[in-house]
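This report refers to the structure that appears directly beneath it.
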Amino acid sequence: MTAATALAFPGTRILAGWWRHLAAHRPEAIWVAHLALHRVEALVEFARPCRPDRFSALVLQAVRLERAGAAASADDLLTCLDEGLHLGRPLLRQALRALTAEGLLAAHARGWSLTSLGEQAVEKGEYPRSVRERRGFHFVERRAADGTPTAPLHFLNLNGHSCVPLPAGEDWQFDPGALHESVNRPEEWKERYGFPQEVRAILGPGAAEAAPAWQQVIVDRPERLLTVMAPVSGEGGERLLGFAARQEGWVLQGAEPAFVVRQRWHELFPELSAAPAADVWRQAWLTWCQPRGLPAAEVEACAVELQGVRLGVRAPAKLIDRLRAARSDAVKGEAWVLVGEGPVRRAALLELAEAPAR
């Protein structure tokens, strides 16, 4: 994505409508952002919980019991199992080979014994099976207003929300190292950012001999997500909620967040850490007033201060009367301003109060 020239942001009345959905969460701040995303598809190896069928469970239990006995060879073990299960040696041998191939049994000179996975299958009734399949992952591309990258790629767990294709420039590229690094992160990091903990490895070109070459290709699709981000605090601790929106019709999908980041969300979105300076908010107020024909002296006399989601404006009584006569959204508590020049912009609700008389 080149500079923010192609990015459109919602107007004050759209933001007022979105606020009706967001207010219930009691956000501590509001950002509107066009997130540039890498949708990466890769072949992965992961562990899937598997329950042995009743027949396999019975054979595993029988092997466990007989191994505690005095069977001195594989033939002795087969004889003992057949006497207990009455299934016939050919069927038993076939079952034992299948369970060995599954990793639940280990073959040796004295026959078979349970592996750690086999013990787990008997004790807990399930075991993790190694599976390979292609999966999709989203990574955030952080860029400044001029389109230059500002931070390393970071995984983002989207809850099934769709994005729109992003026209990418020649400098758009994905480093597979970001995906491998995410797999090797600590469990605490994976839980915080929602990375699938069952994924054990990324099987890129040359890493999986048993898989067709086309399955090992890592595919990167540039995408864009219009989102409203809001940090909240409560019983669940500090969280960053991200709600998806559609630019066509400016519809906010406020029923559920597109993503939730628990604690330390500044690592994912470092640009949210730096609050705009006081003069930036004052300029936003002046810009909002400019097309409304308000007297410059009265506008300049206002004191402006950001307080969470609200931009408090202490204004002369005459200016408030003018806005009330014009039935301004600011008097109704529905006027919003946006500050910033890049793809991530801070939003604030204007809150008027009469300045003390001098």
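The values are calculated or read from the model by the stated rules, or taken from the named source; none is laboratory data. Quick caveat: nothing in here was measured; it's all calculated off a predicted structure. For neighbour counting, all protein chains shown are included, and Cβ atoms are generated from backbone atoms with ideal geometry for every residue, glycine included. Note: accessible area is taken over every heavy atom of the protein model, side chains too, but ligands, DNA and RNA are not part of it. Shrake-Rupley method; radii C 1.70, N 1.55, O 1.52, S 1.80 Å.
For region 313-328, taking the residues that are crowded, with 19+ Cβ neighbours inside 10 Å and out of contact with any Cys (no Cβ under 9 Å at 6 or more places or on another chain), the one that is farthest from THR12 (Cα to Cα) is identified as ILE320. Look at (1) farther than 30 Å from PRO149 by Cα; (2) surrounded by fewer than 17 Cβ atoms within 10 Å (Cβ to Cβ) and you find that GLY308 fails only one, number (1). Restrict the check to region 282-294 and report whether at least one residue is in contact with a Lys or Arg (Cβ under 9 Å, 6 or more places away or on another chain), over 17 Å from ILE30 (Cβ atoms), open to solvent by less than 10 Å² (accessible area, probe 1.4 Å) and in contact (Cβ under 8 Å) with a residue 24 or more places away in the chain. No, every residue in region 282-294 fails to be in contact with a Lys or Arg (Cβ under 9 Å, 6 or more places away or on another chain), over 17 Å from ILE30 (Cβ atoms), open to solvent by less than 10 Å² (accessible area, probe 1.4 Å) and in contact (Cβ under 8 Å) with a residue 24 or more places away in the chain.
Have a look at VAL261, VAL331, VAL344 and point out the one that is among the aliphatic types (A, V, I, L, M), modelled with pLDDT under 95 and open to solvent by 50 Å² or more (accessible area, probe 1.4 Å).
Numbers: VAL261 fails: open to solvent by 50 Å² or more (accessible area, probe 1.4 Å); VAL344 fails: open to solvent by 50 Å² or more (accessible area, probe 1.4 Å).
VAL331 is the lone residue from the list that is among the aliphatic types (A, V, I, L, M), modelled with pLDDT under 95 and open to solvent by 50 Å² or more (accessible area, probe 1.4 Å).
PHE259 falls short on exactly one of the conditions (1) under 21 Å from ILE14 (Cα atoms); (2) in contact with a strand residue (DSSP E or B) (Cβ under 9 Å, 6 or more places away or on another chain), and that condition is (1).
Tell me the strands (runs of 3 or more DSSP E) entirely within region 120-235 that contain at least 1 residues that are closer than 30 Å to SER56 by Cα and either among the basic types (Lys, Arg) or modelled with pLDDT under 90 (or both). Write out each step before concluding.
On the way: elements: 127-141, 154-156, 199-202, 219-232.
In region 120-235, 127-141, 199-202 are the strands (runs of 3 or more DSSP E) which contain 1 or more residues that are closer than 30 Å to SER56 by Cα and either among the basic types (Lys, Arg) or modelled with pLDDT under 90 (or both).
When you scan region 268-358 for helices (runs of 4 or more DSSP H) that lie fully inside it, which ones turn up with 1 or more residues that are within 28 Å of LEU225 (Cα to Cα)? Spell out how you get there, then give the answer.
Values: elements: 278-289, 296-300, 317-325, 329-332.
The helices (runs of 4 or more DSSP H) meeting that bar are 278-289.
A count restricted to region 264-280 and to residues that are open to solvent by 40 Å² or more (accessible area, probe 1.4 Å), touching a residue at least 24 places away in the same chain (Cβ under 8 Å) and within 16 Å of the chain's Cα centre (by Cα) stands at 3. Once region 242-263 is narrowed to residues that are closer than 18 Å to ALA16 by Cα and among the aliphatic types (A, V, I, L, M), the residue that is nearest to the chain's Cα centre (by Cα) is ALA244.
Among the residues making up region 6-61, those that are among the hydrophobic types (A, V, I, L, M, F, W, C) and in a loop (DSSP other than H, G, I, E, B) are LEU7, ALA8, PHE9, ALA29. Output the number of the condition that GLY111 fails; it satisfies all remaining conditions of (1) modelled with pLDDT under 85; (2) open to solvent by 80 Å² or more (accessible area, probe 1.4 Å). That leaves (2) as the condition not met.
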